[in-house]
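Working notes for the structure below.
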Amino acid sequence: PIPVSCITRGADLTDEKVWVLCPVDCARRQVTVFGTSVYASVSSVCGAALHGGVISRSGEPIRVQKLPGQENYIGSFANGIKSQSLARWISSFTVSTDAPSEPMEVSSQGKSTVLPDCKVDIAFLLDGSYNIGRRRFNLQKNFISKLCVMLGIGPEGPHVGVVQASEIPKTEFYLKNFSQPKDVIFAIKEMAYRGGNTNTGKALRHTAETFFTPETGSRRGLPRVAVILVDGWPSDDIEDAATMARESGINVFLVSVARPTPEELGIVQDRTFIQKAVCKDNDFFSFTMPSWFSINKYLKPLSQRLCNEDQMLCSKTCYNSVNIGFLIDGSSSVGDNNFRLVLDFIANIAKAFEISDIGSRIGAVQFTYEQKIEFDFNTHSTKDTTLAAIYGIRYLSGGTATGEAITYAAGTLFKPHKGGSRRNFLIIITDGQSYDDVKAPALAAQNEGITIYSVGVAWAPQDDLRNMASEPKDSHTFFTREFTGMHQFEQPIIKGICKDFMESH
């Protein structure tokens, strides 16, 4: 809507139909109005909207429709505004709050734009409080319906459910209830407005505790997302509920609409609620719309974020909640040049993870007949220092005792971290036959909760690689004849770690 002043007249507007936004203080000012229901174009459009009861004292968007002139405009007193009579005028207008009909974005083939390859489970938390009001509540439902169409919801695509946030949260429908867009849109349309306080925190806690379960349709291995829509501000604390949601593996997005007016700011409980609610205060997880009108331009950017799986890094995910230990063969058969390629391979895997004080950690042990801990999970808490440490590892040269090295890594890297919130992974890289048994030490490590990936190069025996790897063997065992071929395993191992992590949750 176009911002206007209290004294803007219908005659000042050039379009036949236009949405305008009135300021908040027009009820306290002297506004000139001629007519009732149909107003002469010399009337204040905001004054006419107040007179007709279309807007309240707070000021809201209104639709102005221009009409031909009339022979007679009847004056009246209504809603605190006195309108005057007028015998004749050349043009007229009406005011209303009917939502504009906005067609969905259409592609050149004439089909609605739908995002491809979007696999995510989404809970929409709709604002059903008195703060949003019944009219804007319906506009909010319209927005969510269009967003569902653009997301391309379906059996193999995104699944959605809705929780209404009001005095007491209510789950309107779960992920499992509807898999076709038309059914979801109908269910949204049939939702009743509940009213009450904007207890967003209570609704988010309800969602975290009850919404994402196998019984309600949550799918294994797919990102879980809670999209919170707030018209104005929450009336309860959201921080604790958001922390709980994130720790249970939910990526929290917050869509803020119609921010508080200056008069309302005094009763806002927490002005920084957005930063405290979202996964990460980096502008990816927060989204702002000025109003529920002209919404089409917001549909695509928001839907793209919800489908961007690579950015879902703030809840407890495979990217920020794992310990990854590298067990590096430093035997004489590797050679210095190939050892540099091994370090490149390790660094490229480490780069994919969010390394921080509260995030993922990397550790490394180099082995020959003996073992050397290069750095453990507590040594480096940033990605830059971790990568520098990887490239700083010096090649030892010697024999190959892989079994003893597995036992050493399990005891020195992982034992102090057993039972922590991070999932433990060990990636073994070797190019030859071990002089000792590898099967028993690997099984013992796996029984301690360590998932093992084995990467063999050149003369590494297939039997040893499979004996060391976790189940299923085929997805945890990798082999290449040349050290230059290791790079092809980087993404499969990263994705494999994520798959193992999700299945463990």
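Things worth noting here:
- From the list 336, 329, 344, 357, the lone residue that is crowded, with 20+ Cβ neighbours inside 10 Å and of a type in the set (Asp, Glu) is 329.
- The residues of the range 435-456 that are closer than 19 Å to residue 481 by Cβ and out of contact with any Phe, Trp or Tyr (no Cβ under 6 Å at 6 or more places or on another chain), listed by number, are 453, 454.
- Being within 30 Å of residue 410 (Cβ to Cβ) and either loosely packed, with under 15 Cβ neighbours inside 10 Å or modelled with pLDDT of 90 or more (or both) is a property that residue 265 lacks.
- Here residue 303 clears all of (1) modelled with pLDDT under 85; (2) in a helix (DSSP H, G or I); (3) surrounded by 19 or more Cβ atoms within 10 Å (Cβ to Cβ) except the condition numbered (1).
- Considering each residue of the range 475-497 in turn, at least one proves to be open to solvent by less than 60 Å² (accessible area, probe 1.4 Å) and in a loop (DSSP other than H, G, I, E, B).
- Listed conditions (1) out of contact with any Pro (no Cβ under 7 Å at 6 or more places or on another chain); (2) modelled with pLDDT of 90 or more are all met by residue 235, apart from (2).
- Residues of the range 134-146 classified as open to solvent by less than 30 Å² (accessible area, probe 1.4 Å) and either farther than 15 Å from residue 123 by Cα or in contact (Cβ under 8 Å) with a residue 60 or more places away in the chain (or both), total: 6
- Residues that are crowded, with 19+ Cβ neighbours inside 10 Å, in contact with an Asp or Glu (Cβ under 9 Å, 6 or more places away or on another chain), on the phi < 0 side of the Ramachandran plot and part of a loop (DSSP other than H, G, I, E, B), drawn from the range 212-236: 212, 218, 223, 233, 234
- The set of residues from the range 448-477 being of a type in the set (D, E, K, R) and in contact (Cβ under 8 Å) with a residue 24 or more places away in the chain comprises 448, 464.
- Filtered by the rule that a residue be touching a residue at least 24 places away in the same chain (Cβ under 8 Å) and open to solvent by 10 Å² or more (accessible area, probe 1.4 Å), the range 179-190 gives 179, 180, 181, 185, 187, 189.
- Within the range 147-166, the residues that satisfy the criterion of being open to solvent by 20 Å² or more (accessible area, probe 1.4 Å) and out of contact with any Ser or Thr (no Cβ under 8 Å at 6 or more places or on another chain) are 152, 156.
Listed here are the residues, each with its yes/no results for (1) closer than 19 Å to residue 97 by Cα; (2) modelled with pLDDT under 90; (3) touching a strand residue (DSSP E or B) at 6+ places or on another chain (Cβ under 6 Å); (4) open to solvent by 30 Å² or more (accessible area, probe 1.4 Å).
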position: 24; (1), (2), (3), (4): yes, yes, no, yes
position: 34; (1), (2), (3), (4): no, no, yes, yes
position: 43; (1), (2), (3), (4): yes, no, yes, no
position: 50; (1), (2), (3), (4): yes, yes, yes, no
position: 58; (1), (2), (3), (4): yes, yes, no, yes
position: 62; (1), (2), (3), (4): yes, yes, yes, no
position: 74; (1), (2), (3), (4): no, yes, yes, yes
position: 77; (1), (2), (3), (4): no, yes, no, yes
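- In summary, helices (runs of 4 or more DSSP H) completely within the range 373-456 and bearing 2 or more residues that are modelled with pLDDT under 95 occur at 383-391.
- Residue 460 satisfies every condition listed in (1) surrounded by 22 or more Cβ atoms within 10 Å (Cβ to Cβ); (2) modelled with pLDDT of 95 or more except (2).
- Failed item in (1) closer than 17 Å to residue 350 by Cβ; (2) in contact (Cβ under 8 Å) with a residue 60 or more places away in the chain, with residue 495 passing the rest: (2)
- Restricting attention to the range 10-22 and to residues that are open to solvent by 40 Å² or more (accessible area, probe 1.4 Å) and free of Cβ contacts under 8 Å to residues at least 60 places away in the same chain, the residue that is farthest from the chain's Cα centre (by Cα) turns out to be 12.
Here's the yes/no breakdown for (1) of a type outside the set (Val, Ile, Thr); (2) over 25 Å from residue 123 (Cα atoms); (3) out of contact with any His (no Cβ under 8 Å at 6 or more places or on another chain):
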{"position": "319", "(1), (2), (3)": "yes, no, yes"}
{"position": "323", "(1), (2), (3)": "yes, yes, no"}
{"position": "339", "(1), (2), (3)": "yes, yes, yes"}
{"position": "347", "(1), (2), (3)": "yes, yes, yes"}
{"position": "364", "(1), (2), (3)": "yes, yes, yes"}
{"position": "367", "(1), (2), (3)": "yes, yes, yes"}
{"position": "371", "(1), (2), (3)": "yes, yes, yes"}
{"position": "379", "(1), (2), (3)": "no, yes, yes"}
{"position": "383", "(1), (2), (3)": "yes, yes, yes"}
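The values are calculated or read from the model by the stated rules, or taken from the named source; none is laboratory data. Predicted model, so just to flag it, every value in this text is computed and none were measured. Here the Cβ is made from the backbone with ideal geometry for all residues, glycine too, and neighbour counts use every protein chain on show. Please note that ligands, DNA and RNA were not included when accessible areas were found on the heavy atoms of the full protein model with its side chains. Shrake-Rupley method; radii C 1.70, N 1.55, O 1.52, S 1.80 Å.
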